[in-house]
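The values are calculated or read from the model by the stated rules, or taken from the named source; none is laboratory data. Because the structure is a prediction, the values reported are computed rather than measured. Neighbour counts run over all protein chains shown; Cβ positions are idealised from the backbone, glycine included.
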There are 2 protein chains.
Amino acid sequence: MPDSLPPDSVGLVEPQTLHFDEPLALASGQTLPHYDLVVETYGTLNADRSNAVLICHALSGHHHAAGYHSLDERKPGWWDRCIGPGKPIDTNRFFVVSLNNLGGCHGSTGPTSTNPDTGHCYGPDFPVVTVKDWVNSQAHLADRLGIKQWAAVVGGSLGGMQALQWSLSYPDRLRHAVVIASTPRLTAQNIAFNEVARKAITSDPEFFDGRYADHNATPRRGLMLARMVGHITYLSDASMGEKFGRELREEAYKFGYDAEFQVESYLRYQGERFSETFDANTYLLMTRALDYFDPAYDYDNNLAAAMSQARCEFLVLSFSTDWRFTPARSEELVNAMIAARRKVSYAEIDAPWGHDAFLIPTPRYEDIFTAYMDRVAREVQQ
Amino acid sequence: MPDSLPPDSVGLVEPQTLHFDEPLALASGQTLPHYDLVVETYGTLNADRSNAVLICHALSGHHHAAGYHSLDERKPGWWDRCIGPGKPIDTNRFFVVSLNNLGGCHGSTGPTSTNPDTGHCYGPDFPVVTVKDWVNSQAHLADRLGIKQWAAVVGGSLGGMQALQWSLSYPDRLRHAVVIASTPRLTAQNIAFNEVARKAITSDPEFFDGRYADHNATPRRGLMLARMVGHITYLSDASMGEKFGRELREEAYKFGYDAEFQVESYLRYQGERFSETFDANTYLLMTRALDYFDPAYDYDNNLAAAMSQARCEFLVLSFSTDWRFTPARSEELVNAMIAARRKVSYAEIDAPWGHDAFLIPTPRYEDIFTAYMDRVAREVQQ
């Protein structure tokens, strides 16, 4: 926490838990009889409820996207640099809704929640949830908040997939979709990295087939490895080089297997910290949602045919050094939108930080994002 | 094994074990009192012993580079496509020497060998070995074979580092160095991937601080994960896409965490097979040798100053889709050679297979490699 709250912060925020009693039918064929969603909101909903923006989170994200939970909190929400007064998603103009997705481990119903059928935590019995399922649950959330149509649905990475899916599942319930550093579907390499992460978790002897909670265990080693390999794919070769190069932790080679290079101890630290806070079953679920996302699948692999379902306008942004979801993947999506005669603005942002660039505003990224959201705000009755 | 030995095969070959009684001083400050090297040779050494070519292997390689050990062997040696009668390294003209490096797990002295100090296997007490150490041991091997000067030292990836190190450690003992799909030093991202692999192994409860043999255990899960993540970095995004795409194992999504996509089961299979045959301590050692390799380090990070030690001619080859050791890294090396006024031929080969492309001859690769080695052979008294 800074000494005082910065003037462009949404300030102190409090999450709220919304309970949904209507059963949710999932893509897998299973049904969630009832569920909770943890939500934060920033800004004020206008009289005709037309200024609402939905933020969708990525793999390890959650509802706490902006502001501080307390004055003791060291860091603000995960997308604080883009959400706040005067920021690209301007909370002086928009009512911003951010949630923890179903299957998450930050308060919304997920593998760590109690299974009503057994009275124990779901663990591995929590159903696989897809991007489509998330969007359906978010539509129920919109109903609850009285939002018939979002001014925009916005997300980066896996969050961008949700914004895209909104445009297909509920074409009339959003006016804009902002799809950042995302892809219309994973490549074999993307799936392969997810599989390594999953295998690291499921092969950890502390995983107990997902029932680690019943054994008072945590598959920490597996989660750590999953995060380490994930983390490499979020950064660019160049940004890792710039940050660490071949810098040693001590002056000379020690000729051993302890962390010797700075990049090794950084990666270990990231992995260990993550393994202490994240749920392993949730990690499996989130990576599987990534794997399964493929809007063209229902249209004979014709992405343009899928996109012709959409009615909203799109902003698509990619980053030059993102090798996880390369600019070429965004272009594939944009080409399908153009072929389907949708309205789309696209920019590839030159930024050195790889996939993580979507979290770090650079002048051109900020300018384009701000200009687009300004246009969205101008359409809204203030 | 094919029904009959192909005419361009070196045929049936037999490895031999050479024992070295002279102690070998290592870069780490430790000394190996004596050691064995397992070696295969193909072709005939000419009268003045001037037609010898040394093959250096990569991370998981070994001495069996060409031909068959028996008529029952399913596959020939790992570089059979480049070594044999009429192949780029033409065994009608060259006497080819291929060894398993020190620290390996295919017969040369390494972590699985008996430690003369204890009577038990070395395990984690086997000293860290560097590329420089390997080249020193290979120089003793050359002495033993009566080879004062190699016609060429040839290697891909980590093998290319050894070829490069030969030119610096023993400038007068080789006439050509062929450095394929290699790099003058690892990037932070390269080290990071190695660290994930090592952490997968060392965090496996069956690792027992490297003393798994004493516990009748094997850190199979760790080795499997290490290989899975390594394997992804050997292939290109495009070649994985071409080979597997998003192809499913069964007709429809099963909505679970078992292998669902073809690429998942392929990767699991590769990892499992590797974990049954490779030694974990050797894997640590090989990846550390990669990390430490940095010829510029001794010259105030000036690679050109390092290269000015060399006397041989160089062929440097890189592959367009190799994202592990990109063409840019080879160009860095070539630029340093040019700055040091060395003779160097360089080509970037357009090939879709990523880092693995060095094992797979394409017409242009084969043509350039063959033409260069033909020039090397023409300098030799046949």
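Just a few scattered comments:
- Some residue of region B:147-167 being within 14 Å of chain A (Cβ to nearest Cβ) and crowded, with 17+ Cβ neighbours inside 10 Å: no
- In the set B:ARG341, B:ARG364, only one residue is outside any loop (DSSP other than H, G, I, E, B) and of a type in the set (D, E, K, R); that residue is B:ARG364.
- Region A:110-123, subset of a type in the set (S, T, N, Q) and touching a helix residue (DSSP H, G or I) at 6+ places or on another chain (Cβ under 9 Å), residue nearest to A:GLN162 (Cα to Cα): A:THR112
- Residue in region B:197-220 that is within 20 Å of the chain's Cα centre (by Cα), part of a helix (DSSP H, G or I) and under 15 Å from A:GLY230 (Cα atoms) present: yes
- Those residues of region B:344-361 which are of a type in the set (A, V, I, L, M), touching a strand residue (DSSP E or B) at 6+ places or on another chain (Cβ under 6 Å), outside any loop (DSSP other than H, G, I, E, B) and farther than 22 Å from B:GLN309 by Cβ, in sequence order: B:ALA347, B:ILE349, B:ALA357
- Out of A:TYR42, A:TYR68, A:TYR35, sole residue that is of a type in the set (Ser, Thr, Tyr), more than 24 Å from A:THR130 (Cβ to Cβ) and touching a residue at least 60 places away in the same chain (Cβ under 8 Å): A:TYR68
- Scanning region B:97-107 for residues that are assigned to a loop (DSSP other than H, G, I, E, B) and either surrounded by fewer than 24 Cβ atoms within 10 Å (Cβ to Cβ) or in contact with a helix residue (DSSP H, G or I) (Cβ under 8 Å, 6 or more places away or on another chain) (or both) turns up B:ASN101, B:LEU102, B:GLY103, B:GLY104, B:CYS105, B:HIS106, B:GLY107.
- Enumeration of residues in region A:191-206 that are within 7 Å of chain B (Cβ to nearest Cβ) and hydrophobic (A, V, I, L, M, F, W, C): A:ILE191, A:ALA192, A:PHE193, A:VAL196, A:ALA200
- If you go through region A:207-225 and keep only what is crowded, with 24+ Cβ neighbours inside 10 Å and either at the interface with chain B (Cβ under 10 Å from one of its Cβ atoms) or at pLDDT below 95 (or both), you end up with A:ARG221, A:GLY222, A:MET224, A:LEU225.
- For A:ASP294, the criteria (1) under 20 Å from B:GLU247 (Cα atoms); (2) over 17 Å from the mean Cα position of the chain (by Cα) hold in every case but one, which is (2).
- Checking each residue in region B:139-166 for being within 14 Å of the chain's Cα centre (by Cα) and part of a helix (DSSP H, G or I) picks out B:LEU158, B:GLY159, B:GLY160, B:MET161, B:GLN162, B:ALA163, B:LEU164, B:GLN165.
- The residues on offer are B:VAL128, B:VAL39, B:VAL135, and the sole one that is aliphatic (A, V, I, L, M) and in a loop (DSSP other than H, G, I, E, B) is B:VAL128.
- Among residues of region A:146-157 that are within 14 Å of A:MET373 (Cβ to Cβ), those with a beta-carbon under 6 Å from a residue that is not hydrophobic (A, V, I, L, M, F, W, C) at least six positions away or on a different chain give the pairs A:ALA151/A:ASN51; A:ALA151/A:ARG175; A:ALA152/A:HIS176; A:GLY155/A:GLN162.
- Once region B:273-301 is narrowed to residues that are within 12 Å of chain A (Cβ to nearest Cβ) and among the hydroxyl-bearing types (Ser, Thr, Tyr), the residue that is surrounded by the most Cβ atoms within 10 Å (Cβ to Cβ) is B:TYR283.
- Verdict on A:LEU235 being at the interface with another protein chain (Cβ under 10 Å from one of its Cβ atoms), at pLDDT 95 or above and under 23 Å from A:TRP353 (Cβ atoms): yes
- Entirely in region B:250-331, the helices (runs of 4 or more DSSP H) that have 3 or more residues that are under 30 Å from A:THR282 (Cα atoms), touching a residue at least 12 places away in the same chain (Cβ under 8 Å) and in contact with a helix residue (DSSP H, G or I) (Cβ under 7 Å, 6 or more places away or on another chain): B:262-277
- One residue stands out in region B:244-265 among those that are facing chain A (nearest Cβ under 7 Å), more than 25 Å from A:GLY123 (Cβ to Cβ) and surrounded by fewer than 23 Cβ atoms within 10 Å (Cβ to Cβ): the one that is modelled with the highest pLDDT, namely B:PHE244.
- If you check B:SER28, B:SER9 for being surrounded by 22 or more Cβ atoms within 10 Å (Cβ to Cβ), more than 20 Å from the chain's Cα centre (by Cα) and in a loop (DSSP other than H, G, I, E, B), only one passes: B:SER9.
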